[in-house]
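Since the structure comes first, as structure tokens, the remarks are kept for the end.
Just so it is clear, none of the values below were taken in a lab; they were calculated from the coordinates. Keep in mind the model is a prediction, meaning the values are calculated, not measured. Cβ: placed from backbone, ideal geometry, glycine included. Neighbour counts: every protein chain shown.
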There are 2 protein chains.
Amino acid sequence: MDRAVILLSGGMDSTTLLHYTKKRLKVSSVYALSFIYGQKHSRELEMARWQARFAGVTDYREIDISFFGDLTAGASALTDVSMDVPDLADLDENQRRQPPTYVPNRNLVFLSLAAGYAETISAQDIFYGAQAHDKYGYWDCTADFLDRINAVLSLNRESNVIVHAPFMRKRKAEVLKIGMELGVDYSHTWTCYRGGKVACGTCPSCVERAAAFEEVALADPLG
Amino acid sequence: MDRAVILLSGGMDSTTLLHYTKKRLKVSSVYALSFIYGQKHSRELEMARWQARFAGVTDYREIDISFFGDLTAGASALTDVSMDVPDLADLDENQRRQPPTYVPNRNLVFLSLAAGYAETISAQDIFYGAQAHDKYGYWDCTADFLDRINAVLSLNRESNVIVHAPFMRKRKAEVLKIGMELGVDYSHTWTCYRGGKVACGTCPSCVERAAAFEEVALADPLG
């Protein structure tokens, strides 16, 4: 595989995926896309930028779709400043199916833009960092979603763009383990949804990160 | 149906669809979205704005994704100023399958954003103006495409957003006929891909428009 597009958020999963595509899959030219979509935790973008440079990507772009935060105003605690990011412990079973941290149709938006870009630069492959844990609350991180978006893209008559999510069936701790083997520097990743200077430790994303580090019996370099 | 989102380009088909949703389908609240995506024929946006006002939509938004022109640079004559929009007569059969005027993955991008918006405002329905003629060259204007994007969206666990294209099996002349019955003012629509002050008359889009007016034996008010 000589050319691929990757969705890079600056979180643990997509960062691991970035290094995985370079080192394990030996993709020679990686084109990374990050999105400014009104997320409170825009600190993740600094991390994405750092990781992209460190991995030696061919191109790194930050796509500004902050209008998407307005378009989906009131619908997600990830973008709406008037909505609090909940603690994982406070979510009941019903809420977990599609939690307040879900952003309406976000991943389809990201992947659609990535597919237009991939087609343009003649890259056949797009990578995104969905992992097994996400499926509890995010329909756009499931294997069904992946299959169906690929069914859409397969209708293209000239370009053959395929979306891959190699970690789709791996738990976060397994992803972390792969990253450790690849020498990923997790001090340059950002996970906390609340986007403060220090990770809160209690939002759904922080809890998952902590559990993953605990499972592999390592200290999180972010502390 | 009390609330729907419509993709409004300012061309004949989506303009007709706008009035069709209001008058025929009796949608009480229509939310129109237009996109600035680097198209040369941005004159169509003036028309979209005029038609939205005239139809009395509940909300009209122009979403600026002009970065999409950069992201797909060199891939479409509709957005790249260094590429000429071809005359329809100059396209051979192979080129017509996916002509230079195709914009990589454009409609999936538009519909993805519209779906996020629809979900946010609790609209279950999205309308877009694909019609039967488009399928010759645009995979993202086909019934298969519609079915498959709906298959993606149906995975959503809380919202039930469906994309409709009521003109999918109608020829452009049939769409025009419906529009005439509905009293659509076609002097406030824009079709020419070349985006000059006067329609060129020879680009694929102009040729189709002229043929539709000829078929219904009417003069095009744009001249």
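Before moving on, here are some points about what is shown:
- Average partner coverage of B:23-36, which counts Cβ from other chains inside 10 Å: 0
- Placing a pseudo-label 7 Å from each Cα along the Cα-to-Cβ vector at residue A:136 and residue B:200 gives an inter-label distance of 5.6 nm.
- Summing charges over neighbours of residue A:1, with a neighbour being any other residue whose Cβ is under 9 Å away from its Cβ, gives 0 when K and R count +1 and D and E count -1.
- Inter-centroid distance (Cα atoms) of the stretch B:1-61 relative to the stretch A:1-29, Å: 40
- Teacher prompt: residue A:64 distances to equivalent labels in other copies, 7 Å Cα→Cβ, nm: 0.8
- Axis proximity, chain B to A: residue whose C-beta lies nearest, plus whole-Å distance: B:112, 2
- Residue A:160-residue B:90 pseudo-label distance in nm [points 7 Å out on the Cα-to-Cβ vector]: 3.1
- Taking each DSSP H run with n ≥ 4 as -39500 (n - 2.57) and averaging over every residue of chain B yields -10000 deg cm²/dmol at 222 nm.
- Label spacing, shortest first and in nm, from residue B:182 to its equivalents in the remaining copies (7 angstrom along Cα→Cβ): 5.0
- 7 Å along Cα→Cβ, label-point gaps from residue B:147 to other copies, nm, shortest first: 1.6
- Rh (Kirkwood; distinct C-alpha pairs) - the stretch A:1-101, Å: 15.0
- Ordering B:6, A:162 by the number of other Cβ atoms within 10 Å of each residue's own Cβ, fewest first, gives A:162, B:6.
- Eigen-decomposition of the gyration tensor built on the alpha-carbon atoms of the stretch A:44-177 gives equivalent ellipsoid semi-axes of 26, 18, 17 angstrom, largest listed first.
- Over the protein assembly as shown, equivalent-ellipsoid semi-axes from the Cα gyration tensor in Å: 41, 24, 17
- Inter-site label distance for residue B:26 and residue B:187 at 7 Å from Cα along Cβ, in nm: 3.2
- Of all the options B:176, B:91, B:17, the one that moves most in a Gaussian network model of chain B with Cα springs shorter than 10 angstrom is B:91.
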